[in-house]
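Novice: Here it is: the structure, laid out below.
No value in this document is a laboratory result; all are computed from the given coordinates. Predicted, not measured: the structure shown is a model, and the values here were computed from it. Cβ placement follows ideal geometry from the backbone for every residue including glycine, while neighbour counts extend to all protein chains displayed.
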Ligand code: PLP
Ligand code: COI
């Protein structure tokens, strides 16, 4: 099927694709997963997700490589992270193999929506689970749904690789011993006012500091930080309350093993940020986006790498990571998961309700 999308001008938003994966957990048991064309969800008015935000999600991308293969990047790590999110929110684990079954089936079924190699776009996959049965007292749901949909996306930040401007945020994202280290929907709900306010003030994102002392750098609403010192060392903040980014872990590996750089994963004070040469935001959506400027209540920190383009070290990291993802550079063992989209299964007919 030919799809009428201007791949090079896609933003990071929802575009409906034909097929999604659904599995239900009822009376203590998972159903077999199935594919559906129906994009609505019918749940009771007092479902755990609606009343107490019992939901967690993941984000990963499918790409077409230089030699025409369809691949996903380290999906095993998304599966592992989802498992820890589910456990922290008292949701049942997925049956063995269901996460990858969903990834593979949704990518194959929506193969016409995978952006072409070289377009800069990709097929974003959103696995998620939520409490689907009634609760009134504060307790976990008894029933759940696991779903995965796909949507083609372009860059997360509108200006592409133009360096971003952040502000130091007065709201907190996560508490010590809270849920900052898992991908819970609630972490994003509480960041909405902060991001709306940041955008109204002309900033691209918020820099969150640790909520206990407000002296250490945590992360942004949707990405981890990577700093580069003046002598080229990569520094990434370590904290129990930030999301363990798969992109950040991959970039640190690439820095050490492909680019011979020194890497430090340690607590980073806000005070030392002014001394770094380069700064970037990394994540599945953000990839590695350069930061040019951070505004701390009127005091500006401007990274010497310049406001107009990526600094040299961030660029090297970016090009190596994207090269690996797109099959231009050999990947470390196990990083690239190929999906044979020719091996197509029968798809369901249109459904209106389930
Ligand atoms: N931090 C937050 C809060 C995120 O939402 C994301 C996105 O997934 C990341 C960091 C980056 O993580 P990853 O590289 O695994 O996508
Ligand atoms: C991702 O990078 O996959 C995320 O979930 C971040 C989100 C802010 C879009």
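Novice: Please compute the modelled spin-label separation between residue 333 and residue 88, points set 7 Å along Cα→Cβ, answer in nm with one decimal.
Specialist: About 3.1 nm separates the two model spin labels.
Novice: A further question on this structure: What distance in nm separates the two pseudo spin-label positions at residue 259 and residue 67, each 7 Å out from Cα along the beta-carbon direction?
Specialist: 2.5
Novice: Cut-off is 10 Å between beta-carbons; in what order do 229, 220, 320 appear when sorted fewest neighbours first?
Specialist: Ascending Cβ contact count within 10 Å gives the list 229, 320, 220.
Novice: Roughly how many Å is it from the Cα centre of the stretch 179-229 to that of the stretch 246-284, as a whole number?
Specialist: 17
Novice: Springs between alpha-carbon atoms under 10 Å, Gaussian network over the chain: tell me which of 324, 242, 41 tops the mean-square fluctuations.
Specialist: Taking springs between Cα atoms under 10 Å, the residue moving most is 41.
Novice: Given an 8 Å cut-off on Cα distances and at least 6 residues of separation, report the relative contact order of the chain as a percent.
Specialist: So the answer I get is 21 percent.
Novice: To the nearest 10 degrees, how steep is helix 312-325 against the longest Cα principal axis of the chain, on a 0 to 90 scale?
Specialist: Taking the Cα atoms of the chain, the angle to 312-325 is about 20 degrees.
Novice: Here's something else I'd like to know. Measure nothing but the geometry: give the 0 to 90° angle between the long axis through the Cα atoms of 98-109 and the longest principal axis through the Cα atoms of the chain, rounded to 10°.
Specialist: 90
Novice: Another one. Starting from the Cα gyration tensor of the stretch 146-249, take the square roots of the eigenvalues, sort them a ≥ b ≥ c, and report rounded, prolate or oblate (rounded when a/c is under 1.5, otherwise prolate if a/b is larger than b/c, else oblate).
Specialist: Verdict is rounded for the stretch 146-249.
Novice: For the chain, just say rounded, prolate or oblate: build the C-alpha gyration tensor, square-root its eigenvalues into a ≥ b ≥ c, call rounded for a/c under 1.5, and beyond that prolate if a/b exceeds b/c, oblate if not.
Specialist: oblate
Novice: To continue, here is another question. I want to check the label-to-label distance for residue 193 and residue 275. Put each point 7 Å from Cα in the C-beta direction and report it in nm to one decimal.
Specialist: Going from the residue 193 label point to the residue 275 one covers 3.6 nm.
Novice: At what distance in angstrom do the alpha carbon centres of the stretch 134-168 and the stretch 1-75 lie from each other?
Specialist: Centre-to-centre distance over Cα atoms comes out at 11 Å.
Novice: Measure nothing fancy, just the Cα-based angle from helix 246-257's long axis to the longest principal axis of the chain, in degrees from 0 to 90, nearest 10.
Specialist: In the chain, helix 246-257 runs at an angle near 50 degrees to the longest axis.
Novice: Counting DSSP beta bridges in the stretch 164-325, what percent are antiparallel, to the nearest 5?
Specialist: 60
Novice: With contacts defined as alpha carbon pairs under 8 Å and 6 or more residues apart, what's the relative contact order of the stretch 7-155 in percent?
Specialist: Dividing the mean separation by the residue count of the stretch 7-155 yields 40 percent.
Novice: Quick one: length gained pulling residue 162 to residue 302 fully straight, 0.36 nm per residue minus the C-alpha distance?
Specialist: Gain on stretching residue 162 to residue 302: 49.0 nm.
Novice: Taking the chain as a Gaussian network, where each spring joins two C-alpha atoms under 10 Å apart, which residue of 67, 204, 343 fluctuates the most?
Specialist: The residue with the greatest mean-square fluctuation here is 343.
Novice: In addition: Is the shape of the stretch 38-188 rounded, prolate or oblate, going by the alpha carbon gyration tensor and its root eigenvalues a ≥ b ≥ c, with a/c under 1.5 for rounded and a/b larger than b/c for prolate?
Specialist: oblate
Novice: Suppose a student asked you for the relative contact order of the stretch 164-325, using Cα pairs under 8 Å spaced at least 6 residues apart; what percent would you report?
Specialist: Computed over the stretch 164-325, the figure is 24 percent.
Novice: May I pose another question? Mind ordering 5-13, 42-50 by average Cβ neighbours within 10 Å, highest first?
Specialist: Descending packing order for the listed peptides: 42-50, 5-13.
Novice: Please work out the FRET efficiency for the pair residue 26 and residue 230, using the Cβ-Cβ distance as r and a Förster radius of 41 Å; give the result to the nearest 0.05.
Specialist: According to the calculation, E is roughly 0.10.
Novice: Then there is this: For an R0 of 41 angstrom, estimate the FRET efficiency from the Cβ-Cβ distance between residue 42 and residue 212 and round to the nearest 0.05.
Specialist: According to the calculation, E is roughly 0.45.
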